[in-house]
Amino acid sequence: MLAFGGNALLQAGQKGTFEEQLANVERTCENLVPLLEAGCELVIGHGNGPQVGNGLLRHQAGEKMYGLPAQPMDFCGAETQGSIAYLIETALDRVLARHGIVRPVVSLVTRVEVAADDPHFQNPTKPVGPYYQEIPDQVGNDGVMAGHDRPSQYRQDPKGRGWRKVVASPVPIGIQNASLVGRLAGEGYIVVTVGGGGIPVVRDGRSPVQPGMTAPLKGVEAVIDKDLASALCAQLIGAEELYILTDVPKVYVNFRKPDERALDSLTIGEAKKLIEEGQAAEGSMAPKIRAGIYFLEHGGKTCIITEAGSLGDPACGTRIIK
């Protein structure tokens, strides 16, 4: 299982055009060739942060300028899952053809279940979408936008850049069609799934169901961490290795300081200590390390955190091991 980092789609300073994103994805997919040539079963997850933010902007602009109804965040997540999967499939087709590798590629728009009572819903902190210099219309003094079946919360940016929508980042507890993902991978397909952490859904306790059936799923305003969703997917399909791709070759102690030191391996205990000591920054390396810990504590053998360009090296990255 591989989790693509944000730089696989969009580089710093780029506008995010289709051509830019496709070229970035193709470069990342080129680095998968050593794994493909080794015959590895391959499942790919990916982020969608900038893309879903841009999607929200497009919906808001369409509503304001043309009266087109803006869609909720889970809908935008589904849109970006499909569009990014299309980019990955297109790029992989080119790479496979260039190297004479015959492997089919399939993408699944994936719902990922979270608990309706997850405590993160009580204190949403994940910022999404654009900055607003003035508080948006219909938002009260408590930062909540009223008059909507899914109330939106806005908070002022601590750096003074304006107001921004915030959503919860709940813990994933289930992945729809995970068994199908595993079966397809076992049959030789390269599977793209849990894009952007998956479309966040909860069980709808208000919906009528027949006896013996579980409540249907409904979307919620949230963002699921894509590395943790990839770790859960890896666990459910019985993957042995989880690769978390980022923009640095290894995990570092004292990162970007004169005495920085790259780490070749970490035990679970050492990885937890690294987070506790603040050596792994929140919003950056800490979530990746947590995902690796989760994977290993739930049956995985190895988690490797590295950059895509290092995948051909057998000793690449920082390995979190039991």
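The values are calculated or read from the model by the stated rules, or taken from the named source; none is laboratory data. A quick note: this is a predicted structure, and the numbers were derived from the prediction, not measured. For neighbour counting, all protein chains shown are included, and Cβ atoms are generated from backbone atoms with ideal geometry for every residue, glycine included.
If you check residue 239 against the conditions, is it small (Gly, Ala, Ser) and either assigned to a loop (DSSP other than H, G, I, E, B) or within 27 Å of residue 78 (Cβ to Cβ) (or both)?
yes
Name the strands (runs of 3 or more DSSP E) wholly within region 242-322 that hold at least 1 residues that are surrounded by 12 or more Cβ atoms within 10 Å (Cβ to Cβ) and over 22 Å from the mean Cα position of the chain (by Cα)?
251-253, 261-263, 265-267, 318-321
Going by the conditions given, is residue 222 closer than 30 Å to residue 102 by Cα and crowded, with 16+ Cβ neighbours inside 10 Å?
Here the answer is no, as residue 222 does not meet what is asked.
Any residue in region 118-134 that is over 15 Å from residue 51 (Cβ atoms) sitting within a Cβ distance under 8 Å of a residue that is assigned to a strand (DSSP E or B) and hydroxyl-bearing (Ser, Thr, Tyr)? List the pairs, counting only those 6 or more apart or interchain.
These pairs meet every condition: 132/154.
Find the residue count for region 8-30, including only residues that are closer than 16 Å to residue 85 by Cα, small (Gly, Ala, Ser) and either out of contact with any helix residue (DSSP H, G or I) (no Cβ under 6 Å at 6 or more places or on another chain) or surrounded by fewer than 20 Cβ atoms within 10 Å (Cβ to Cβ) (or both).
Final tally of qualifying residues: 2.
Being more than 18 Å from residue 3 (Cβ to Cβ) and among the β-branched types (Val, Ile, Thr) is the filter here, so list the residues in region 174-210 that pass it.
Residues satisfying the conditions are 201, 202, 209.
If you go through region 52-84 one residue at a time, how many are touching a helix residue (DSSP H, G or I) at 6+ places or on another chain (Cβ under 6 Å) and in contact (Cβ under 8 Å) with a residue 24 or more places away in the chain?
9
Can you tell which of 212, 317, 219, 312 is at pLDDT 95 or above and more than 25 Å from residue 53 (Cα to Cα)?
317
Select from region 157-200 the residues that are among the charged types (D, E, K, R) and assigned to a loop (DSSP other than H, G, I, E, B) and write down the one among them that is nearest to residue 102 (Cα to Cα).
187
Here is a list of conditions, (1) modelled with pLDDT under 95; (2) surrounded by fewer than 15 Cβ atoms within 10 Å (Cβ to Cβ); (3) within 16 Å of residue 200 (Cα to Cα), and residue 57 meets all of them except one; can you say which number that is?
Checking residue 57 against (1) modelled with pLDDT under 95; (2) surrounded by fewer than 15 Cβ atoms within 10 Å (Cβ to Cβ); (3) within 16 Å of residue 200 (Cα to Cα), the one that fails is (3).
When residue 205 is evaluated against the numbered criteria (1) at pLDDT 95 or above; (2) not in a helix (DSSP H, G or I), which criterion, by number, is the only one it fails?
Going through (1) at pLDDT 95 or above; (2) not in a helix (DSSP H, G or I) one by one, residue 205 breaks only (1).
From the set of residues in region 89-115 that are in contact with a Phe, Trp or Tyr (Cβ under 9 Å, 6 or more places away or on another chain) and either β-branched (Val, Ile, Thr) or part of a strand (DSSP E or B) (or both), which is farthest from residue 23 (Cα to Cα)?
114
Tally the residues that are modelled with pLDDT of 90 or more and either over 13 Å from the mean Cα position of the chain (by Cα) or surrounded by fewer than 18 Cβ atoms within 10 Å (Cβ to Cβ) (or both), restricting the search to region 31-53.
Residues that pass the stated criteria total 13.
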